[in-house]
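What follows is a set of notes on a single structure, which appears directly below.
The values are calculated or read from the model by the stated rules, or taken from the named source; none is laboratory data. All values reported here derive from a predicted model rather than from experimental measurement. Cβ coordinates were reconstructed from backbone atoms using ideal geometry, including for glycine residues, and neighbour counts include every protein chain displayed.
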Amino acid sequence: MTTRIYSVPSISCEHCKHAIESEVDELSEVSFVEVHVPSKTVRVEGDASDDSIRSAIDNAGYEVEGIVT
């Protein structure tokens, strides 16, 4: 299982958190997702590909700036 932390600068509120978590959580290969609003990051654990995670975040209406870890 892989853990990735994505930087998403446009995260600003609980709505952002819910939208991203809901979209990423739909990926069957994701076992855990958590958006941290103050640091504007998304932590994802599981075997989902980087492309599928980025696509899910994009589908929620947000753009990944890069990977923190």
Practice problem: Output the residues belonging to segment 8-17 that are surrounded by fewer than 18 Cβ atoms within 10 Å (Cβ to Cβ) and either free of Cβ contacts under 8 Å to residues at least 12 places away in the same chain or under 12 Å from VAL64 (Cβ atoms) (or both). | Solution: PRO9, SER10, HIS15
Quiz item: Which condition does VAL42 not pass, out of (1) crowded, with 16+ Cβ neighbours inside 10 Å; (2) at pLDDT below 95, if it passes all the others?
Solution: (2)
Exercise. Name every residue in segment 45-69 that is modelled with pLDDT of 95 or more, in a loop (DSSP other than H, G, I, E, B) and of a type outside the set (A, V, I, L, M), in order of residue number.
Key: ASP47, SER49, GLY61, TYR62, GLU63, GLU65
Practice problem: Report the residue count in segment 1-37 for those that are of a type in the set (A, V, I, L, M) and either part of a loop (DSSP other than H, G, I, E, B) or more than 11 Å from ILE57 (Cβ to Cβ) (or both). | Solution: 7
Quiz item: Under 8 Å by Cβ, and 6 or more places apart or on different chains, what pairs join a residue from segment 46-57 that is within 12 Å of TYR6 (Cβ to Cβ) with one that is assigned to a helix (DSSP H, G or I) and of a type outside the set (Val, Ile, Thr)?
Solution: ALA56/GLU23; ILE57/GLU23
Quiz item: Are any residues in segment 58-69 surrounded by 13 or more Cβ atoms within 10 Å (Cβ to Cβ), touching a residue at least 40 places away in the same chain (Cβ under 8 Å) and under 16 Å from SER22 (Cβ atoms), and if so, which ones?
Solution: ALA60, TYR62
